[in-house]
Each structure stands twice: as structure tokens, then as C-alpha cells.
Amino acid sequence: MRQAPQKGQEWQAQSYARHAGFVAALALPVVDLLAPQQGEEILDLGCGDAALTCEIANRGGSVIGVDESPSMVRAALAAGIRTVRADACALPFGPRFDAVFSNAVLHWIDTPDRAIRAVREVLKPDGRFVAEFGGHGCVATILTAMRAVARAWGYDEASVCPWYFPTVDEYRQRLENGGFTVNYIELIPRPTPLATGIEGWLETFRAPFFAQFPEKDRNAVRRQVISLIKPSLCDDGGNWTADYVRVRFAAQKNGK
């Protein structure tokens with residue numbers, strides 16, 4: 001079994017906006033759950049190009065964005081949002097925020113307890129943690145196809161999925177163990193139309209998987225993956241819909 005090295009996920013704001021604009025567009029219910037109040041100081045953890053950060057600001061929040069991608073930080077700054085480049089598990093703030101908001105970020109963190117602890121450390125007493133991210137079963141059809149192709153080519157199937165997709169019970173327990181009271185948590189199936197098709201999705205979210213194959217084989221590998229996915233996720237009109245599942249929650253910091 002081959003275990004070729006993979007480069008890490010790299011975000012480019014322009015490409016992300018083109019192929020993954022749905023990430024922010026479908027997350028307004030999470031902003032509603034946050035319910036930002038006038039003058040509250042709010043941290044947007046993994047703000048990306050600041051589409052939702054701007055929405056929070058428009059609703060009255062005083063928002064600071066954090067992202068690890070230089071391209072995303074530049075895009076957020078260009079949108080007029082105070083933004084800091086930082087690791088989500090090592091936030092450069094004291095306990096100053098009334099709330100921490102996060103969308104489509106926590107499933108990228110393979111040390112979830114560290115992220116929860118980092119959030120708690122920057123919240124004021126009774127501060128809120130409101131977020132949505134990939135949950136158990138998210139993009140299962142896509143991942144199953146990629147695992148089958150990796151196996152067929154003799155590659156390690158562990159290279160397929162870089163994400164942490166927990167169940168509701170598991171993540172509730174992590175939040176409680178991390179010093180939060182969970183006021184609401186739900187697993188939400190959310191079929192997601194892909195405006196630029198499955199090619200755009202694979203290019204945006206799983207480029208490192210394909211990069212591990214010899215360049216001469218990459219197109220064939222991609223075609224095989226798409227052929228396995230197509231019967232389930234593409235309709236007769238050629239419209240693609242990804243099988244997203246999200247965890248959405250609102251929690252409150254316990255103690256000081």
C-alpha cells in the first residue's frame with residue numbers, strides 16, 4: 001500500500017468564493033442562532049473572506065476575524081473587517097469576547113478539545129459559543145467513492161478524509177468536558193447544490209488527495225471518482241448536489 005506525502009490544504013479567497021460561496025450563503029441560520037446584540041464583541045473563528053463576519057457586523061456586533069490563511073486574511077481586511085492571522089487552537093486574546101462564532105471550520109481541526117479550550121479561554125464569563133460544521137455522515141457518498149478509488153490504485157484509504165465529523169452525542173460531551181453548558185445541538189442533513197459541479201468541489205476541498213498521485217494518472221483518478229459519485233449526486237439535468245450533514249450548536253461558558 002502506497003502512502004505518498006500530501007501537501008496541506010491551501011485556501012485561495014478567489015477560488016473559494018467561486019466554488020464554495022454556498023458555505024456562507026447557507027449559514028445565515030447560524031448567524032440567527034448567534035443573535036448578535038448591538039455593541040457585543042464577537043470573534044469569528046475561521047472567518048474566511050468575511051462574508052458572514054460582515055453579516056454579524058451589520059447586525060450590530062463588533063467583530064474581529066481570525067483565519068490561518070494569508071489569502072483569506074487579506075480578503076477579510078479588504079472587506080473592512082479587523083482580522084488577525086492565527087491558529088484556531090492558539091488564539092492571541094484574553095477573555096474579552098461576548099461570543100465566539102464559527103462556520104465550516106471545526107471539522108478541519110483534528111484536535112477538537114484544544115479548539116474548544118482555546119475558545120473558552122477568550123470568552124467572558126457566560127460567553128456564548130455558536131457554530132456549525134460538518135457532522136457524522138457528511139459527504140459520505142463522495143468519501144466512499146474516493147476510498148474505493150484509493151484502494152483500487154493501491155493507496156492508503158486514510159488519505160481520503162482530512163475531516164473530523166462527530167456525532168451530536170460525541171460533540172456535546174466534548175463541549176461539556178471543556179467547560180460549556182450546551183443549550184442547543186442538532187445534526188442537520190443539508191443537501192447542498194454545487195453551482196460549479198463536482199469538479200469545482202473536488203478542486204476546492206480535496207486537491208491534496210489528487211496531488212499525491214503521479215501527474216500522469218491524476219485525470220484518470222478524478223474521472224473514476226466522479227463516475228462513482230455521479231449516479232447518486234447528479235440529476236438527469238447535470239446538476240450536482242453534495243450530501244452535506246452539519247452539526248449546529250449554541251453553548252455557554254461555565255464559570256470564570
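The values are calculated or read from the model by the stated rules, or taken from the named source; none is laboratory data. Note that the structure is a prediction, hence the values are computed from the model and not measured. Methodologically, a virtual Cβ is constructed for each residue, glycine included, from the backbone with ideal geometry; neighbour enumeration extends over all protein chains shown.
Against the test of being of a type outside the set (Lys, Arg), buried (at least 24 other Cβ atoms within 10 Å of the Cβ) and within 14 Å of the chain's Cα centre (by Cα), the options Leu34, Leu106, Leu43 yield a single qualifying residue, Leu106. Anything in the stretch 116-144 that is touching a residue at least 40 places away in the same chain (Cβ under 8 Å), farther than 30 Å from Gln224 by Cα and not β-branched (Val, Ile, Thr)? List them, or say none. Those that are touching a residue at least 40 places away in the same chain (Cβ under 8 Å), farther than 30 Å from Gln224 by Cα and not β-branched (Val, Ile, Thr): Arg117, Arg120, Leu123, Lys124, Pro125, Asp126, Gly127, Arg128, Phe129, Ala131, Glu132. Of all the criteria given as (1) of a type outside the set (A, V, I, L, M); (2) closer than 16 Å to Arg246 by Cβ; (3) surrounded by 19 or more Cβ atoms within 10 Å (Cβ to Cβ), the one not satisfied by Tyr184 is (3). Among the residues of the stretch 130-164, those that are in a loop (DSSP other than H, G, I, E, B) and not hydroxyl-bearing (Ser, Thr, Tyr) comprise Gly135, His136, Gly137, Cys138, Val139, Trp153, Gly154, Asp156, Val160, Cys161, Pro162, Trp163.
Is there a residue being of a type in the set (Val, Ile, Thr), out of contact with any Pro (no Cβ under 8 Å at 6 or more places or on another chain) and within 19 Å of Ala251 (Cα to Cα) anywhere in the stretch 196-212? Looking through the stretch 196-212, none of the residues is of a type in the set (Val, Ile, Thr), out of contact with any Pro (no Cβ under 8 Å at 6 or more places or on another chain) and within 19 Å of Ala251 (Cα to Cα). As for the stretch 78-87, it holds no residue that is among the acidic types (Asp, Glu) and surrounded by 16 or more Cβ atoms within 10 Å (Cβ to Cβ). Summed over the stretch 159-173, residues that are touching a residue at least 40 places away in the same chain (Cβ under 8 Å) and exposed (fewer than 15 other Cβ atoms within 10 Å of the Cβ) total 0. In the stretch 208-222 there is at least one residue that is under 18 Å from the mean Cα position of the chain (by Cα) and more than 22 Å from Val30 (Cα to Cα).
Results for (1) in contact with a His (Cβ under 8 Å, 6 or more places away or on another chain); (2) at pLDDT below 95; (3) more than 24 Å from Ala250 (Cα to Cα); (4) of a type in the set (Phe, Trp, Tyr), shown as yes or no for each residue.
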site: Ala50; (1), (2), (3), (4): no, yes, no, no
site: Gly61; (1), (2), (3), (4): no, yes, no, no
site: Met72; (1), (2), (3), (4): no, yes, yes, no
site: Thr83; (1), (2), (3), (4): no, no, no, no
site: Leu91; (1), (2), (3), (4): no, no, no, no
site: Gly94; (1), (2), (3), (4): no, no, no, no
site: Asp98; (1), (2), (3), (4): no, no, no, no
site: Ser102; (1), (2), (3), (4): no, no, no, no
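Does any residue of the stretch 145-152 turn out to be touching a residue at least 60 places away in the same chain (Cβ under 8 Å), farther than 22 Å from Phe249 by Cβ and surrounded by fewer than 19 Cβ atoms within 10 Å (Cβ to Cβ)? There is at least one residue in the stretch 145-152 that is touching a residue at least 60 places away in the same chain (Cβ under 8 Å), farther than 22 Å from Phe249 by Cβ and surrounded by fewer than 19 Cβ atoms within 10 Å (Cβ to Cβ).
Matching residues to (1) within 22 Å of Pro162 (Cα to Cα); (2) at pLDDT 95 or above; (3) assigned to a loop (DSSP other than H, G, I, E, B):
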| site | (1), (2), (3) |
| --- | --- |
| Gly8 | yes, no, yes |
| Ser15 | yes, no, no |
| Gly39 | no, no, yes |
| Leu43 | no, yes, no |
| Gly65 | no, yes, no |
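For (1) farther than 18 Å from Gly134 by Cβ; (2) at pLDDT 95 or above; (3) touching a Cys at 6+ places or on another chain (Cβ under 7 Å); (4) assigned to a loop (DSSP other than H, G, I, E, B), each residue gets a yes or a no:
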| site | (1), (2), (3), (4) |
| --- | --- |
| Ile185 | no, yes, no, no |
| Glu199 | yes, no, no, no |
| Glu203 | yes, no, no, no |
| Pro208 | no, no, no, no |
| Arg222 | yes, yes, no, no |
| Val225 | yes, yes, no, no |
| Lys230 | yes, yes, no, no |
| Ala242 | no, yes, no, no |
| Val247 | no, yes, no, no |
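When Ala140 is tested against the conditions (1) buried (at least 20 other Cβ atoms within 10 Å of the Cβ); (2) within 22 Å of Ala27 (Cα to Cα); (3) out of contact with any helix residue (DSSP H, G or I) (no Cβ under 7 Å at 6 or more places or on another chain); (4) not hydroxyl-bearing (Ser, Thr, Tyr), the lone failure is (1). Filtered by the rule that a residue be modelled with pLDDT of 95 or more, outside any helix (DSSP H, G or I) and of a type in the set (Gly, Ala, Ser), the stretch 104-129 gives a lone residue, Gly127.
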